[in-house]
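The values are calculated or read from the model by the stated rules, or taken from the named source; none is laboratory data. Just so it is clear, the structure is predicted and the values come from calculations on it, not from any experiment. Using ideal geometry, Cβ is built from the backbone for each residue, glycine included, and neighbour counts are taken over all protein chains shown. Just so you know, the surface numbers come from the protein's heavy atoms only, side chains and all, with ligands and any DNA or RNA stripped out. Shrake-Rupley method; radii C 1.70, N 1.55, O 1.52, S 1.80 Å.
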Amino acid sequence: MPEPKSPGAHKRLPEWLRRPPSRLNTRPSELHGLKKTLRNRKLATVCESARCPNIGECFTTPTATFMILGEICTRSCAFCNVEGGVSTPVDPNEPQNIAQTALEMGLKHVVITSVTRDDLLDGGASQFALTIQAIRDTIPRIGIELLVPDFHGDFSALETVIEGRPDILNHNLETVPSLYSVVRPQGDYERSLTLLRRACEAGLPAKSGIMVGLGETAEEVRALMADLAAVGCSMMTIGQYLRPTRENLPVVDYIEPELFEKYAEYGRSAGIKEVYSGPMVRSSYNAGELWKNFTE
Ligand code: SF4
């Protein structure tokens, strides 16, 4: 049966989302070099798994978002390109391998994320804590940002991560509550807000992010930003949802750059200090820059 025509599915990519080739594959040798190092150390990045459009730029900066706990997720969010299924054993060498790679890349700011591991007792929290420790021991002055899953609402797992004292605790709401059942069926909006509130209560700068263009209204986005401000979230990213594969949700709308700017203004007026909003923005895109702005 032919796929129903969703509003955005057959829209041409608007000019503001088309990148000049020059920005895509600068210095391919460096891109290749970094990928080779990552493979040799059995490391994954969400940049590659999620088919991020900024990879050419980020990998040659260089910056990367390391993905720990394997490449297979126990969930299946409809927007995500990460493979779902039976997960792989936790790699005890991963924390040290990430620290060594971050050192060799000369990173000033590192982002660590993971697939969701509902199959692990602590959801993988201890591996996050071990990775922070390994990086801190290797590069004491680096900025460490964790982009964590919701640990299925297990707050003792969250406590383990908080005790690791990352510089930023990031957890994405991903979309507005009315779309959760379609976009992120195993997620829970209130559970995610509570996680962010607890991080703020523990004195950690908290960050969150959403994609737009999935059918949300501007009013819903403003309400979400008010919720984030209310729990104490101080950094936020807003980017255009792009369909990774035909298996994923179609784009409903390509949001105009002007509306991204309006969202940023509204977010700041609601009390979120740093709002990074634009068509190509992703949760850890220019994360070091955002952190620098926040701390200045
Ligand atoms: S939990 Fe994260 S990695 Fe897993 S499917 Fe959802 S977005 Fe992708």
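Table for the structure above
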item: From Thr160, Thr131, residue being under 18 Å from the mean Cα position of the chain (by Cα), in a helix (DSSP H, G or I) and more than 14 Å from the ligand (Cβ to nearest atom); result: Thr131
item: Checklist (1) touching a helix residue (DSSP H, G or I) at 6+ places or on another chain (Cβ under 8 Å); (2) without any contact (Cβ under 8 Å) to a residue 60 or more places away in the chain; (3) more than 16 Å from the ligand (Cβ to nearest atom) applied to Glu104, failing item; result: (2)
item: Residues within the range 206-221 that are under 10 Å from the mean Cα position of the chain (by Cα) and hydroxyl-bearing (Ser, Thr, Tyr), tallied; result: 1
item: Residue count for the range 241-255, restricted to those that are within 12 Å of Pro279 (Cβ to Cβ) and free of Cβ contacts under 8 Å to residues at least 40 places away in the same chain; result: 0
item: From Asp188, Asp227, residue being among the charged types (D, E, K, R) and either more than 16 Å from the ligand (Cβ to nearest atom) or modelled with pLDDT under 95 (or both); result: Asp227
item: In the range 134-143, residue nearest to the ligand (Cβ to nearest atom) [restricted to those that are among the hydrophobic types (A, V, I, L, M, F, W, C), surrounded by fewer than 22 Cβ atoms within 10 Å (Cβ to Cβ) and within 22 Å of Phe294 (Cβ to Cβ)]; result: Ile142
item: Residue tally, condition under 29 Å from Asn286 (Cβ atoms) and either within 14 Å of the ligand (Cβ to nearest atom) or among the hydrophobic types (A, V, I, L, M, F, W, C) (or both), over the range 85-101; result: 2
item: Selection count, the range 163-176, where residues are in a strand (DSSP E or B), open to solvent by less than 20 Å² (accessible area, probe 1.4 Å) and closer than 23 Å to Glu220 by Cβ; result: 1
item: Neighbours by Cβ (under 8 Å, 6+ apart or cross-chain): first from the range 217-234, at positive phi; second part of a helix (DSSP H, G or I); result: Gly232/Leu196; Gly232/Arg197; Gly232/Cys200; Gly232/Glu201
item: Matching option when the condition is at positive phi and open to solvent by 10 Å² or more (accessible area, probe 1.4 Å), among Gly70, Gly33; result: Gly70
item: Test result for Gly70, modelled with pLDDT of 90 or more and out of contact with any strand residue (DSSP E or B) (no Cβ under 7 Å at 6 or more places or on another chain); result: yes
item: Thr63 over 13 Å from the mean Cα position of the chain (by Cα), in a loop (DSSP other than H, G, I, E, B), over 23 Å from Arg246 (Cβ atoms) and more than 16 Å from the ligand (Cβ to nearest atom); result: yes
item: Residue among Leu121, Leu147, Leu179, Leu173 that alone is more than 19 Å from Val46 (Cβ to Cβ), within 16 Å of the ligand (Cβ to nearest atom) and aliphatic (A, V, I, L, M); result: Leu179
item: Some residue of the range 9-28 being modelled with pLDDT of 90 or more, more than 16 Å from the ligand (Cβ to nearest atom) and in contact with a Phe, Trp or Tyr (Cβ under 6 Å, 6 or more places away or on another chain); result: yes
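Residue-by-condition table, conditions (1) free of Cβ contacts under 8 Å to residues at least 60 places away in the same chain; (2) open to solvent by less than 20 Å² (accessible area, probe 1.4 Å); (3) in a helix (DSSP H, G or I):
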position	(1), (2), (3)
Leu38	no, yes, yes
Arg51	no, no, no
Ser76	no, no, no
Cys80	no, no, no
Val90	yes, no, no
